[in-house]
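The next block holds one structure in the form of structure tokens; read it before the comments.
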Amino acid sequence: MAADVTTTDGVDTLLAALPSVDILVNNLGIFGSQPALDISDEEWRRYFEVNVLAAVRLIRAYLPSMTDGGWGRIQNIASDSAIVIPTEMIHYGMSKTALLAVSRGFAKEAAGTGVTVNSVIAGPTHTGGVEDFVYQLVDKDLPWDEAQREFMRLHRPQSLLQRLIEPEEIANMCVYLASPQASATTGAAVRVDGGYLDSIVP
């Protein structure tokens, strides 16, 4: 069912239809390119409301029934931008950094209950919105394959994959984290970043 979970009314609508879930994946997010000094107070708030508080609302709504049942999976889709803050979208990076803290904190809240809470650090991923974003930063006349390569070369050169990640590749990690096989993984920030983060520690 569809509901606007950026509002309390929307969450109430969702809860009326789905009062409990076993697996919650918070994947809602907005992003965009903007010069750092031009980001208004309103935009800072909007990014925090949508990218962070929407997830917090749903975790608060669903975590109690998960812990009562002794099993559950919560995943927050974060980003490499949480750690390598892009100069062209600091407000987005800030919101994803906050989401890492939210995940770790709620994992502690769920300690010992059979419920796991994790972040998935997604690298640059091929979506319709990202295609639009790429064309904001490279020549709009380039064919997509060339535009993607140019974007990665100029703006994400540290990627070891050297291409955008396909959504299915992110989903594969989500499937694992939702499974019984991931029962000992909680409070973690798990990377599906194509080697973008220059770190040997997750």
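The values are calculated or read from the model by the stated rules, or taken from the named source; none is laboratory data. Keep in mind the model is a prediction, meaning the values are calculated, not measured. Using ideal geometry, Cβ is built from the backbone for each residue, glycine included, and neighbour counts are taken over all protein chains shown. For the accessible areas, the whole protein counts, side chains as well, though only heavy atoms, and no ligand, DNA or RNA atoms are used. Shrake-Rupley method; radii C 1.70, N 1.55, O 1.52, S 1.80 Å.
Across the stretch 102-127, what is the total count of residues that are under 19 Å from ILE77 (Cβ atoms) and open to solvent by less than 50 Å² (accessible area, probe 1.4 Å)?
Filtering the stretch 102-127 for residues under 19 Å from ILE77 (Cβ atoms) gives 102-107, 110, 115-127.
Next cut, open to solvent by less than 50 Å² (accessible area, probe 1.4 Å) only: 102-103, 105-107, 110, 115-126.
The number of residues fulfilling the criteria is 18.
Looking at the stretch 121-136, I want the residues that are under 14 Å from ASP80 (Cα atoms) and free of Cβ contacts under 8 Å to residues at least 24 places away in the same chain and have a partner that is part of a helix (DSSP H, G or I) and open to solvent by less than 20 Å² (accessible area, probe 1.4 Å) with Cβ atoms under 8 Å, at least 6 apart or on another chain. Which pairs are those? Correct list of pairs: empty, since none qualify. Scanning the stretch 156-196 for residues that are in contact with a Leu (Cβ under 6 Å, 6 or more places away or on another chain), over 22 Å from ALA111 (Cα atoms) and crowded, with 16+ Cβ neighbours inside 10 Å yields one hit, GLY194. Listed here are the helices (runs of 4 or more DSSP H) enclosed by the stretch 31-113 that have at least 1 residues being touching a Gly at 6+ places or on another chain (Cβ under 7 Å): 54-69, 90-109. Within the stretch 141-160, residues that are closer than 21 Å to GLY195 by Cβ have Cβ atoms under 6 Å from residues that are crowded, with 18+ Cβ neighbours inside 10 Å and among the polar types (S, T, N, Q) in these pairs: MET152/SER159, counting only partners at least 6 apart in sequence or on another chain. The helices (runs of 4 or more DSSP H) falling completely within the stretch 119-202 that include 2 or more residues that are in contact with an Asp or Glu (Cβ under 8 Å, 6 or more places away or on another chain) map to 144-155. Any residue that is open to solvent by 40 Å² or more (accessible area, probe 1.4 Å) and touching a residue at least 60 places away in the same chain (Cβ under 8 Å) - is there at least one of those in the stretch 38-47? The answer is no; no qualifying residue exists.
Taken over the stretch 12-37, the criterion of being open to solvent by less than 50 Å² (accessible area, probe 1.4 Å) and either among the basic types (Lys, Arg) or within 16 Å of ASN76 (Cβ to Cβ) (or both) is satisfied by VAL21, LEU24, ASN26, GLY29, ILE30.
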